[in-house]
Amino acid sequence: MKTLVKYVGIIVFIVLGCNENPSQSKERKNLDQELASQHKIIDLTYAFSKETVYWVTAQEFQLDTVFEGKTEKGYYYTANNFSTAEHGGTHIDAPIHFYKTGQTVDQIPLDKLLGNAIKVDVSKRALNDPDYLISIEDFEDWEKAENMNIPDGSIVLLYTGFSSYYPNKTKYLGTDQRGEEAVKELHFPGLSPDAAEWLINNRNIHAIGIDTPSIDYGQSQYFKSHVTLFSENIPAFENLANLDKLPAKGFEIIALPMKIKGGSGGPLRIIAIVN
């Protein structure tokens, strides 16, 4: 968390930049240079565009130009409107998405969205099985390999390798069709309900994320992993990018969603800071 605290310090300096005195400006510059030399920042977010992958029944992303060009007063100006579903592209699932009394996206405490993280790599198994269910054994294998339990308060990221297919819908989702009929054609890996229960009962995690469209696998009918996690107010990050660039441990996450009052989810900007 020390790295994260330093980055929060940079953010404060930037926000208050107009009031900086010369010594503060120099301190911010030195801190920025220090962090850049000692740590790598990895963007885990896909850009939102017409290519963005959405759930097959959800509204896709639209960007409409309001104005672009030189105004009658001579200066350049551009502005757009956008519309989108809460759940698509790199986004957060708030607990209320599958649990009636769960937190809405604006109610999720920030300490659930910031902090130390681990990566569980199941890509060798998942890329050979589009219906792969991440198991208790996968978590136990990570713990054996790292000679430690999943640390308390961790953000757990699940790397299936399916991000290598994004944004090819046929490979990433299992279908390029849309609508209710397409739901039965979905094929991608996810977290098994038994493993979700194991995490709840045996480990203390703050959040979970995956490089597929859903924390439940594509053929799920009852979304039990969602329900299990969200009943404990553990949010999920879906459609994550660049997990292949992360180590198994030794990095921190900053995951800040659009703060939609009463929202069941929303677009997410998520980055990793590798120590």
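Going through (1) of a type in the set (A, V, I, L, M, F, W, C); (2) touching a Ser or Thr at 6+ places or on another chain (Cβ under 9 Å); (3) part of a helix (DSSP H, G or I) one by one, residue 229 falls short only on (2). Scan region 245-275 for residues that are over 14 Å from residue 117 (Cα atoms) and either open to solvent by 50 Å² or more (accessible area, probe 1.4 Å) or not in a strand (DSSP E or B) (or both) and jot them down. Answer for region 245-275, where residues must be over 14 Å from residue 117 (Cα atoms) and either open to solvent by 50 Å² or more (accessible area, probe 1.4 Å) or not in a strand (DSSP E or B) (or both): 256, 258, 259, 260, 261, 262, 263, 264, 269.
In region 155-178, is there at least one residue being part of a strand (DSSP E or B), farther than 22 Å from residue 264 by Cα, out of contact with any His (no Cβ under 6 Å at 6 or more places or on another chain) and touching a residue at least 60 places away in the same chain (Cβ under 8 Å)? Yes, that holds for at least one residue.
When residue 207 is tested against (1) open to solvent by 50 Å² or more (accessible area, probe 1.4 Å); (2) outside any loop (DSSP other than H, G, I, E, B), only condition (1) is not met.
Do we have residue 82 as of a type in the set (A, V, I, L, M, F, W, C), over 17 Å from residue 213 (Cα atoms), crowded, with 20+ Cβ neighbours inside 10 Å and out of contact with any Pro (no Cβ under 8 Å at 6 or more places or on another chain) here? The answer is no for residue 82. Determine whether residue 66 is over 30 Å from residue 250 (Cβ atoms), open to solvent by 80 Å² or more (accessible area, probe 1.4 Å) and aliphatic (A, V, I, L, M). The answer is yes for residue 66.
With respect to the conditions (1) polar (S, T, N, Q); (2) farther than 20 Å from residue 122 by Cα; (3) in contact (Cβ under 8 Å) with a residue 24 or more places away in the chain, residue 221 lacks only one, and its number is (3).
Test each condition in (1) within 22 Å of residue 185 (Cα to Cα); (2) open to solvent by 20 Å² or more (accessible area, probe 1.4 Å) for residue 161 and report the one that comes out false. For residue 161, the failing item is (2). Can you name the residue in region 125-150 that is without any contact (Cβ under 8 Å) to a residue 60 or more places away in the chain, closer than 16 Å to residue 210 by Cβ and of a type in the set (D, E, K, R) and is also surrounded by the fewest Cβ atoms within 10 Å (Cβ to Cβ) among such residues? The extreme case among them is 125. Considering only residues that are open to solvent by 90 Å² or more (accessible area, probe 1.4 Å) and under 22 Å from residue 191 (Cα atoms), which ones fall in region 100-120? The answer is 100, and nothing else.
The values are calculated or read from the model by the stated rules, or taken from the named source; none is laboratory data. Just so it is clear, the structure is predicted and the values come from calculations on it, not from any experiment. FYI the Cβ positions are ideal-geometry reconstructions off the backbone, even for glycines, and counts take in every protein chain you see. The accessibility values were calculated without ligands, DNA or RNA, using every heavy atom of the protein model including side chains. Shrake-Rupley method; radii C 1.70, N 1.55, O 1.52, S 1.80 Å.
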